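S.K.: One structure coming up, written as structure tokens, with questions to follow.
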Amino acid sequence: MELQIEPRPGAVRVIVQGPEDSEEVRRILALLQSCGDRLWVLDDQRRTVAVAPESILWAETVDDRVFVYTAGAVYQAACSLTALELRWESVGLFRCGKSTVLNLNAVQSLRSRPAGRIEAVLQTGEKIIISRRYAPVLREKLQGGD
């Protein structure tokens, strides 16, 4: 499998080659295709701003509203957590609870907790609990299963 995106003159050119059925190639392509993507959210003054998906530390649903947390701010998103997770799984977004999505690339450390849960400590010091329902999925992901 080979994908070439013809850039405009002077732009970066990327060629990805590998077996057609390679999960690794599919992940790389998804990551490359999502790099220019932005999530449009509302800031605390109700202005619409663009957030790079990789800057999202975590997101949660509170009172049927989705809030997205970055290192410097909290935003309100119009999409669902499921949409966030599915659209930007390639940049590390992972469903870790019924009402929470976590960016695995922002995790500094993990710690087992009682009842099969996992505590994730983010680079900002924030602690997020991975529920017992999603903990096995995370363990498999960490062991290279997906």
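Since every read-out is calculated from the coordinates, none of them should be taken as a lab result. None of these values were measured; they are calculated from a predicted model. In this analysis, Cβ positions are derived from the backbone assuming ideal geometry, glycine residues included, and neighbour counts consider all displayed protein chains.
S.K.: Please give the FRET efficiency for ASP43 paired with GLU119, using the beta carbon to beta carbon distance and R0 = 22 Å, rounded to the nearest 0.05.
M.R.: FRET efficiency, ASP43 to GLU119: 0.15.
S.K.: Calculated FRET efficiency, SER112 and THR61, Cβ-Cβ r, R0 35 Å, to nearest 0.05?
M.R.: 0.85
S.K.: Checking the a/c ratio against 1.5 first, then a/b against b/c, what shape does the Cα gyration tensor give for segment 58-100?
M.R.: Judged from the Cα gyration tensor, segment 58-100 comes out oblate (a/c at least 1.5, b/c at or above a/b).
S.K.: To the nearest 0.05, how large is the calculated FRET efficiency for ALA73 and ASP21 if R₀ is 41 Å and r is the Cβ-Cβ distance?
M.R.: 0.50
S.K.: Once a ≥ b ≥ c are taken as the square roots of the eigenvalues of the Cα gyration tensor of segment 99-146, is the result rounded (a/c under 1.5), prolate (a/b larger than b/c) or oblate (a/b not larger than b/c)?
M.R.: Oblate, because a/c is 1.5 or more while a/b does not exceed b/c.
S.K.: Return the inverse of the average 1/r over all pairs of distinct C-alpha atoms in segment 35-80, which is the Kirkwood hydrodynamic radius, in Å to one decimal.
M.R.: 10.6 Å
S.K.: Pull out a ≥ b ≥ c, the square roots of the eigenvalues of the alpha-carbon gyration tensor of segment 42-146, then state rounded if a/c is under 1.5, prolate if not and a/b is larger than b/c, and oblate in the remaining case.
M.R.: prolate
S.K.: Same structure, new question: What order, most packed first, do the peptides 112-124, 57-69 have when packing is the mean number of other Cβ atoms within 10 Å of each residue?
M.R.: Descending mean neighbour count gives 57-69, 112-124.
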